[in-house]
Amino acid sequence: MIENLYLDSQLCCLNRIDMDIKNFAESPLPDNFCLSILWYDANDQWDTAHELSDSRSDADSAWLHAYLHRKEGDKWNARYWYNRAGRPFPNYSLEEEWEKLYIHFSDNK
């Protein structure tokens with residue numbers, strides 16, 4: 001029984017991350033504010049993504065802001081925004097962080 005629950009939860013997670021960056025970029029612009037920031041970033045519109053993430057002062061926007069600065073290679077600025085988001089600087093790849101962001105914001109529609 002516990003094994004079945006574990007497998008069900010794994011399948012649920014796999015379905016949520018079936019959306020990779022390329023497929024996400026080709027999908028329509030999401031209504032969800034935070035997912036729209038990821039969408040602009042996936043479509044090589046970093047400036048728009050950055051402007052949107054900078055337009056709010058909540059922890060989720062700060063996390064996205066941190067990710068964007070990390071992606072551009074500005075670690076100092078990224079650390080500042082991770083701190084504002086209440087999150088440690090990641091020790092995993094940008095791709096893994098993108099997946100975490102996607103799952104987090106997909107779950108919080």
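The stretch between T48 and M19 holds 8.3 nm of extra length on full extension. This uses 0.36 nm per residue minus the Cα-Cα distance. In plain terms, the C-alpha convex hull of region 21-109 casts an average shadow of 5.2 nm² when viewed from every direction.
Read the figures in this text as sums done on the coordinates, not as results from a lab. Worth saying up front: this structure is predicted, and the values here are computed from it rather than measured.
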